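Notes for the one structure printed next.
The values are calculated or read from the model by the stated rules, or taken from the named source; none is laboratory data. Predicted, not measured: the structure shown is a model, and the values here were computed from it. So basically every Cβ, Gly included, is an ideal-geometry build from the backbone, and we count neighbours across all protein chains shown. All accessible areas refer to the heavy atoms of the entire protein, side chains included, with ligands and DNA or RNA removed. Shrake-Rupley method; radii C 1.70, N 1.55, O 1.52, S 1.80 Å.
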There are 4 protein chains.
Amino acid sequence: MKSLQPQRSDKFTFGLWTVGNRGADPFGLPTRPVLEPVASVRKLGEIGAYGVNLHDNDLIPIDATSADRDLIVRDFKSALKDAGLVVPMATTNLFTDPAFSDGAFTANDPGVRAYALQKTLAAIDLGVDLGARTYVFWGGREGAEVDAAKDPVEAIKRFRDALNYCCEYVRDQKYELRFALEAKPNEPRGDLYFATTASYLAFIETLDHPDMVGVNPEVAHENMAGLNFLHVVAQAIEAGKLFHIDLNDQKFGRFDQDLRFGSESIKTLFFVVKLLEESGYDGPRHFDAHAYRTENADGVWDFARGCMRTYLILKDKARQFREDAEIQALLAEIRASDAADEALLAPYSRGSLAQLRGRQFDRARLASRTLPYERLDQLVIDLLLGVR
Amino acid sequence: MKSLQPQRSDKFTFGLWTVGNRGADPFGLPTRPVLEPVASVRKLGEIGAYGVNLHDNDLIPIDATSADRDLIVRDFKSALKDAGLVVPMATTNLFTDPAFSDGAFTANDPGVRAYALQKTLAAIDLGVDLGARTYVFWGGREGAEVDAAKDPVEAIKRFRDALNYCCEYVRDQKYELRFALEAKPNEPRGDLYFATTASYLAFIETLDHPDMVGVNPEVAHENMAGLNFLHVVAQAIEAGKLFHIDLNDQKFGRFDQDLRFGSESIKTLFFVVKLLEESGYDGPRHFDAHAYRTENADGVWDFARGCMRTYLILKDKARQFREDAEIQALLAEIRASDAADEALLAPYSRGSLAQLRGRQFDRARLASRTLPYERLDQLVIDLLLGVR
Amino acid sequence: MKSLQPQRSDKFTFGLWTVGNRGADPFGLPTRPVLEPVASVRKLGEIGAYGVNLHDNDLIPIDATSADRDLIVRDFKSALKDAGLVVPMATTNLFTDPAFSDGAFTANDPGVRAYALQKTLAAIDLGVDLGARTYVFWGGREGAEVDAAKDPVEAIKRFRDALNYCCEYVRDQKYELRFALEAKPNEPRGDLYFATTASYLAFIETLDHPDMVGVNPEVAHENMAGLNFLHVVAQAIEAGKLFHIDLNDQKFGRFDQDLRFGSESIKTLFFVVKLLEESGYDGPRHFDAHAYRTENADGVWDFARGCMRTYLILKDKARQFREDAEIQALLAEIRASDAADEALLAPYSRGSLAQLRGRQFDRARLASRTLPYERLDQLVIDLLLGVR
Amino acid sequence: MKSLQPQRSDKFTFGLWTVGNRGADPFGLPTRPVLEPVASVRKLGEIGAYGVNLHDNDLIPIDATSADRDLIVRDFKSALKDAGLVVPMATTNLFTDPAFSDGAFTANDPGVRAYALQKTLAAIDLGVDLGARTYVFWGGREGAEVDAAKDPVEAIKRFRDALNYCCEYVRDQKYELRFALEAKPNEPRGDLYFATTASYLAFIETLDHPDMVGVNPEVAHENMAGLNFLHVVAQAIEAGKLFHIDLNDQKFGRFDQDLRFGSESIKTLFFVVKLLEESGYDGPRHFDAHAYRTENADGVWDFARGCMRTYLILKDKARQFREDAEIQALLAEIRASDAADEALLAPYSRGSLAQLRGRQFDRARLASRTLPYERLDQLVIDLLLGVR
C-alpha cells in the first residue's frame, strides 16, 4: 500500500541512540557492534526518515578535543546533506558520566550543577549548529532513592534556575530554539523529580520565559505509571505545549522497555495518532525506542521500518474512522445536545446564574440517556482489526 | 506519651463519608449500620478531631426538600457547636447518582453539565453556611473507558468552564472560599482526566482566577500510579498551591484502598509529615480513609484514632530527625558546597556566562565526591524503627 | 462475515452475574434494572451463546425457602430448554454476605468455615442438578489487609481441608464434576491468598484428589499483577489443568475492570485465542465481564455480542497466521535446529554426559545467530491490523 | 544493642555480585572500581557475615583456562578459610553473554541449550567444590518479548528437561546438593517464564525428582508484580519448599531496584522475618541487593551492614510481638473458636456430612463477630515505630 511508504513529509525522526543502541542491558553485554553516526544517517535516509536527533555525546565523545569535534561535525553535516536528513532536535547527555550520579541540575554539589550547565550550553550550540529548532531536557539523574538526602522543594528551584539560565542564553544568542521537557516516573533513579508530563506543564508556568518551553511526552514513560497517554498528550496540546513527542511502546508498571511503536498499546496509540494528525501538530514524530536485544545489526532497520509502518497504518485508520458513516452517526447521536441545555452553560453573570438556578432538572431523565459506548468501542476494535 | 494525644491545634479532620463508610465494596454488602452525621460529629469531638468535612449528600439527601434541608443543617450546626468542631472543607457528590454516569462537568450532555453546576453552587452555599473555607473538586466520573466517545481536549475545556463559573460565583457572592482540586488516575472510571495532582497544577494556571485555586493531593491516589507522594506534595508547596491534603494509605498499582494513614508507606509518609510540619502548611490534616470492612461500629473509632496517632508519632520523629546530631552532621557533609562553584551559578549575564565557560571541570573529581546515602537512609530506618 | 456469527459449537458462555450486572460500583448506584435469570437465558440463546453459568445466589436468593428454590429451578430449567442453553459451570457466592467479611474457607471463625462448606455443598447440588460439569472456586474474601490477624500458612491448610472435603463429597455422590480454582491478586481484600493461577497449580498437587482439580485463569486477574496471560494459560495447559477459562480484559496494575473481551490487550489475547484453539482445549469460552456502567439494558447485549465477535475475529486471525507463507517461513528459520546439537540434549546418562562435556562450544557463533523477531512481530501487528 | 551485632549463627550471606556491584545501570557507567572476590570475602568476614554466594563467572572469567581456574579457586578457598566464611549457595550466569540473548535452557537453538547445560554442570562442580549445598537457578533470559517467536508450552518442557538432567547429574555424582528455583516477572526480558515463585512451586511437582528441588523467593521480584511477599513465602514454607531466600527491597510495579533489605516494605518484611524465625527455616538469609549507584567503595559496606542490622531489628520486634501481652490477648480473642463449630469441620464422612447439613447457621450472628483488626494493626505499627 503506497500510503504505508514513509515520506519526508511524515516527519519521522529517530535518535542516534535509538538505532545505535547496542543491546546491552542491566544483565547483559552488548549484542550489536557500534554503529557510526554517519552510517546511521545514511541508512535512515534510505528508509524514508525525515531527521535524526542526538545527545551531544552520541556524536561527540565526552573527552573529544575541539579539533576532534570540528572534524566529526563536518563529516556528520556532510552525511546529513547526502542523506537528505535534518536534525530537528538535540539534547544533552547528563546521565551517563559518574559525575552526574546524583543529578545534574539538581545535584547537591554546585560544581556538578555548574558543569551540567556548561555542558548543556555547549550542546545547545552544537544542536543549533546542526539546525535543531527543539532542545529536549530529560533529567535522567534528577531524582532520589534517599529522600533524606535531597530536598525535593529545593530540587525544583535548582531545576528552574538552570532552565531560566538556558532560556536567557538562547535569547541572548538569538537562537531560534524552543525547549521541550521530558518526564519519566523512575529509572534509573528510584523516583525521578517531575515524574509526569503534567508535572512539567505545571513547572513551565513558573519559568521566566514560559513561552519558550513546552513538553516532550513519551509513551513508555507515562505507561510506566499506568497513565492514559492519549489524555497526557491531549492536555499538552490543549495547553499549546506539545513541542515534541517521543513515540515508542511499553507495558504498564515495569522497567523502561522502549519497544517498537505500536507493538503493545494498539488502541491507545491509534487515538494518539488520530489526535496528532487532527490537532494540527506539525512537529517531528520521533521514535525513541530501540530494537530487541536479540536483533543483529540488520534487525535494527526492521525495527525502524516497523515504527514508521505502524504509525502510517494507524494514521490511515484515523482517516477511515472519520469516513465511516456508522461510526460518525453513532458519534453524532452520542454528542447530540439540547440548545436549551447549552444555553444554561453561558459564562457566569447574575442573569445566567438566575437561569441556571431556576431550572428544574429531572435526574432520572438525565440518567436515562442512551450511551452506546460498547457498540462504539466494538466498532473501533473492528476498525483496528481490519474487519470493517 | 502526651504528645500522641490529638489536640484541636493539630487540625485533624475527617469526612462524614470516612467514619460513616458502611463497609460495602464491589463484591459485598454493607457490614456496618448507618452512622448519623450528628453522631459522627459528637464522636469526632470526643477523640480530639478539629473538624469534619462533607459532600452535600453526606448531610442532605439528594431528594430532600428545602424544609428538610434547613432542619438537618440546624441540627448539624448545633452538634458542631456542642462538639467544638468546625467544617473547614466541603465538596459536592457528582458521582453517585446515575445522572453522572458519564461525567459531570465533562459529560457530553449539556443538561448533565448544567445540573452538575447547579448542584455544585448549592453545595458551595451549604459549605459556606457551615463555615468552610476550602472547597474540594474531585471529578469521580470525569473520565472515560471509551476514548472514542469523549474528546479529551474538549473535556479540559468543559472542566475549565465549570471552574471559571464557580470562581466567578464565589467572587460575586463575596465568599471567603478557595478551591482545591483533587486528582486520581482511575477508578471508578477506566481513566480519569487530570490523573495526577501535577495535572491539576498545570490546569490551574489556565483558569481565569488561578489564585483562588490550589490542589488537594491524596496519598492513595498518587500511590495508585506508583508516584512518590513526597515529591507530589513538594511540587504543590513550591508552587504555593497546597490548599488541602488527603491523608490515607495504599499499596501501589491497585484498587483504591483508602487505608488508615501510615499503615503501609511508613518511610514516605514520615517525609511527608516532616515536610508538612516544616513548610509552614497550616491547613487541615484531613484523613480521607475508612475502616476495614471487617470492623464493626466501634472499630471505626479505632481506625480514626490510629490515623491521628500515627501522624503524631511521625511528627515526633521529624523533631528527632532535626535534633539528631549524627544525622545532621551527615546532612551537613552531604550538602556542603564550595563557594567558588556556587558563584558559577549566578543568574545569566554575559559576565556570568564567561565565568562559567571559562571553568575547566574535572569530571573524575566531581564523580569522586562521597555521597553516604546508604548510611543516611539506615539512620532514617533506625529512627523510624525506634532504635536510635 | 459468516465465521463471525457465534455458533453453539463455539461454546461461548456468560455468567448470570455478567449480563445481569447492574452497573453499581464503589462510587455509584446501579444504572440498570434487575435482569431476571430467565430473561438472561432467553436473550443469551438468541445471540448465539452456548451456555450460562451462575453462583448459587445469582439464581436462588440467599434466604429463599426450599419451596422457592424448587420453583425457581423449575422455571430456570424450562427457560434453558427453550433457549437451547446448558449450564456448564456453577459456583458459590462466598463473598457478598457480611458473614464472610473475613473469609469463608480461611476465616478464623470455624462457624464461618462450616457455613461456607454447607453453602458450597448445596450449591454443588444445585449446579449438578442444572447439568454443570465444572465447579469454580473463587475465594473473594480469602485474604487479608492485616497480616497479623490471619496466619497465611494456616489459611492454606484451611483452604485445603475445604477442598478435600468437597472432593470427597463429589466422589461419594458420584457426581461427574471437576473443580476449577480461580486466582486473583487483590480486591476486594488488600491481598488475596493464592494470588495467581500458578499459586493454585502448586496447591492442587497437595490435595487428596489432585486429578479432580484444575484452574480457571482469568485475563483481568493476571493482568492486575501485570503478568503475561498467555504464559499463565500455557503453564496450565502444559500441566493438563486448564479446566475452565474466564475471558475478559483489563489494564495492568489497577482495579478489577472486567472489560469486554479483547477491548484492551489485543496482541496478548490473539495469542491466547490461538493457543486455546490449537491446544485441543474443548471447554467453554466463558466471558466473565460486564458492560460499562454507562450502558443501559440494551447495551448489555452489545457488550455480550462484542465479546464473542472479537473472539471469532482473533480465531480467524490465528488461522491466517497458520496459513501465512511469509510468517511460517520466518518461523521455520527461527526454529531451525542442528541435529548434532539436538543430540547433545539426550536425557542424562554417563554416555550423554561424556558427549556434552566433550563438545567445544563457540560462544561467538552461538551469539551470531539471526533472530529476526522485530520482523516477525511486525508481521503479527500487520496481521492483527488487517493489512496483510 | 548487642542483639544487633551480626553473628555467624545468623547465617547472613551476600553474593559476590552484590557487594561487587559496580553501580552501572542502563543509563550510566560504573561508579565503583572492581572489587576482587578475595577482598569481598575478607570484608564480609569482618562485618559478621556467615557466607558468600556466587555465579560461576563472578569468580572465574568465562574465558579462563583450566589453569587460571584452579589458581583462582585455590586463592578463593584460602580467603574463605581466613575469613571464616562458607559458600552455602552457587549458581550459573546464563544471562550476560550474548550467546544467551534469547534464553539458555529455553532458547530455540539446541546449541545454546546444550551450552547452557554444559556451563551449568561445570558451575555445579565449582559450587560443590566450594562447599555449596544449594544451587540456584534464575533464568534471566528465559522469556520473550515476541510471543510469536517462542512457544511458551515448549519453553516449560525445555526447562524441565534441563532440570531433570541436572538432577540426574547431581545424583550420579552423589553430590549433597539441592536446587532452588528463583522467579521474576520481567526484566531483562519483556516477560520471563515462571513469573512468580508459585509458578515454580507448580513446576517442581512435574519434575522427575521433585524432592531435590525447591524455591528461592526474592522480595524484589514478587514486589515487582505487586504481590504480598509474606504470602509467597508462606506458601513455599507450607509446601516444604523454602530452600533459600533472597532478601532485598523494592517499590511495586517498577524496574528491579535491589534495594537494601527493609528500606521500603517495613511492615511486610517484619512479618516475613517473623515467619522465617518462627517457621524453623534454618537456611541462609541471603541479601541479593546492591548499594545505590551514588555510593563509593566504602558505602558498599554501609549497605551490607544495613541489610543485616535491619533484619536483626525486625527479628527483635518479632520477639516483642510474641511477648506483648496486649497483642497476644487481642490475637487470642480474634482466634477464639467454638468447639461445636470446630467439630463440624471434621474430615468428610457420611456422618460428618449429616452433622454439617443438619446445622442451622445464623448468618447475622456470624457477621456480628468483632474483628478488631484496626486496633491490632495499629499495635503492630506502634511496635514497628518503637512507641510500645
Which listed residue is in a strand (DSSP E or B) and touching a residue at least 24 places away in the same chain (Cβ under 8 Å), from B:180, B:195: B:180
Just one listed residue, out of B:83, B:123, B:107, B:162, is of a type in the set (A, V, I, L, M), farther than 28 Å from residue B:287 by Cβ and at pLDDT 95 or above, and it is B:107
Residue among A:23, A:48 that is part of a loop (DSSP other than H, G, I, E, B), within 30 Å of residue D:92 (Cβ to Cβ) and open to solvent by less than 30 Å² (accessible area, probe 1.4 Å): A:23
Within the range A:253-274, is even one residue touching a residue at least 40 places away in the same chain (Cβ under 8 Å), assigned to a helix (DSSP H, G or I) and more than 10 Å from every other protein chain (Cβ to nearest Cβ)? yes
Members of the range B:346-388 that are over 32 Å from the mean Cα position of the chain (by Cα) and among the aromatic types (Phe, Trp, Tyr): B:348, B:361
Within the range A:359-387, the residues that are under 20 Å from residue B:102 (Cα atoms), more than 8 Å from chain C (Cβ to nearest Cβ) and touching an Asp or Glu at 6+ places or on another chain (Cβ under 8 Å) are A:363, A:366, A:369, A:379
Of these, C:241, C:267, C:251, C:274, which one is within 20 Å of residue C:18 (Cβ to Cβ) and in contact with a helix residue (DSSP H, G or I) (Cβ under 9 Å, 6 or more places away or on another chain)? C:251
Answer with yes or no whether residue B:333 is open to solvent by 20 Å² or more (accessible area, probe 1.4 Å), out of contact with any Pro (no Cβ under 7 Å at 6 or more places or on another chain) and within 12 Å of chain A (Cβ to nearest Cβ). yes
Filter the range B:180-195 for residues that are open to solvent by less than 10 Å² (accessible area, probe 1.4 Å) and touching a Leu at 6+ places or on another chain (Cβ under 7 Å); the one that is farthest from the other protein chains (Cβ to nearest Cβ) is B:184
For residue D:227, all conditions in the list (1) within 12 Å of the chain's Cα centre (by Cα); (2) more than 28 Å from residue B:375 (Cβ to Cβ) hold save one; what is the number of the exception? (1)
Can you report the number of residues in the range A:119-152 which are open to solvent by 10 Å² or more (accessible area, probe 1.4 Å) and part of a helix (DSSP H, G or I)? 6
Out of all the residues in the range A:26-38, is one or more open to solvent by 70 Å² or more (accessible area, probe 1.4 Å), more than 14 Å from every other protein chain (Cβ to nearest Cβ), modelled with pLDDT of 95 or more and more than 24 Å from the chain's Cα centre (by Cα)? yes
How many of the residues in the range D:275-298 are buried (at least 23 other Cβ atoms within 10 Å of the Cβ) and within 14 Å of chain B (Cβ to nearest Cβ)? 8
Looking for whichever is under 30 Å from residue A:32 (Cβ atoms), open to solvent by less than 10 Å² (accessible area, probe 1.4 Å), more than 9 Å from chain C (Cβ to nearest Cβ) and part of a helix (DSSP H, G or I) here; the options are D:116, D:155. Which one fits? D:116
Could you tell me which numbered condition residue D:213 fails, if it satisfies all but one of (1) crowded, with 24+ Cβ neighbours inside 10 Å; (2) within 9 Å of another protein chain (Cβ to nearest Cβ); (3) under 30 Å from residue C:357 (Cα atoms)? (2)
If you check every pair at least six apart or on different chains, which have Cβ atoms under 9 Å apart with a residue in the range A:317-329 that is within 14 Å of chain C (Cβ to nearest Cβ) first and a residue that is at pLDDT 95 or above and open to solvent by 80 Å² or more (accessible area, probe 1.4 Å) second? A:318/A:278
One residue is enough: does the range B:299-312 have a residue meeting the conditions more than 30 Å from residue B:30 (Cβ to Cβ) and either within 11 Å of chain A (Cβ to nearest Cβ) or part of a helix (DSSP H, G or I) (or both)? yes
Could you go through the range C:199-206 and let me know if any residue there is open to solvent by less than 10 Å² (accessible area, probe 1.4 Å), assigned to a loop (DSSP other than H, G, I, E, B) and at pLDDT 95 or above. no
Taking the condition of a type in the set (A, V, I, L, M, F, W, C), closer than 28 Å to residue A:22 by Cβ and at pLDDT 95 or above, does residue A:224 pass? yes
Options A:72, A:62; residue that is open to solvent by 10 Å² or more (accessible area, probe 1.4 Å) and more than 14 Å from chain B (Cβ to nearest Cβ): A:72
What is the residue count in the range C:313-330 for residues that are open to solvent by less than 20 Å² (accessible area, probe 1.4 Å) and touching an Asp or Glu at 6+ places or on another chain (Cβ under 7 Å)? 1
For the list (1) within 30 Å of residue D:3 (Cα to Cα); (2) open to solvent by less than 70 Å² (accessible area, probe 1.4 Å), I need the number of the one condition that residue D:346 fails. (1)
Considering C:238, C:218, which residue is open to solvent by less than 10 Å² (accessible area, probe 1.4 Å) and either within 14 Å of the chain's Cα centre (by Cα) or within 9 Å of chain D (Cβ to nearest Cβ) (or both)? C:218
Looking only at the range C:85-113, count how many residues are within 7 Å of chain D (Cβ to nearest Cβ), aliphatic (A, V, I, L, M) and surrounded by fewer than 24 Cβ atoms within 10 Å (Cβ to Cβ). 0
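For every residue, the table says whether it meets (1) of a type in the set (A, V, I, L, M, F, W, C); (2) in contact with a Pro (Cβ under 8 Å, 6 or more places away or on another chain); (3) farther than 19 Å from residue A:258 by Cα.
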{"position": "A:15", "(1), (2), (3)": "no, no, no"}
{"position": "A:28", "(1), (2), (3)": "no, yes, no"}
{"position": "A:46", "(1), (2), (3)": "no, no, yes"}
{"position": "A:74", "(1), (2), (3)": "no, no, yes"}
{"position": "A:83", "(1), (2), (3)": "yes, no, yes"}
I'm told residue B:152 meets every condition in (1) farther than 25 Å from residue B:248 by Cα; (2) in contact with an Asp or Glu (Cβ under 7 Å, 6 or more places away or on another chain) except one. Can you identify the failing condition by its number? (2)
When the range A:221-235 is examined, which residues are found to be at the interface with another protein chain (Cβ under 7 Å from one of its Cβ atoms) and touching a strand residue (DSSP E or B) at 6+ places or on another chain (Cβ under 8 Å)? A:227, A:228, A:231
If you check residue D:42 against the conditions, is it touching a helix residue (DSSP H, G or I) at 6+ places or on another chain (Cβ under 6 Å) and open to solvent by 60 Å² or more (accessible area, probe 1.4 Å)? yes
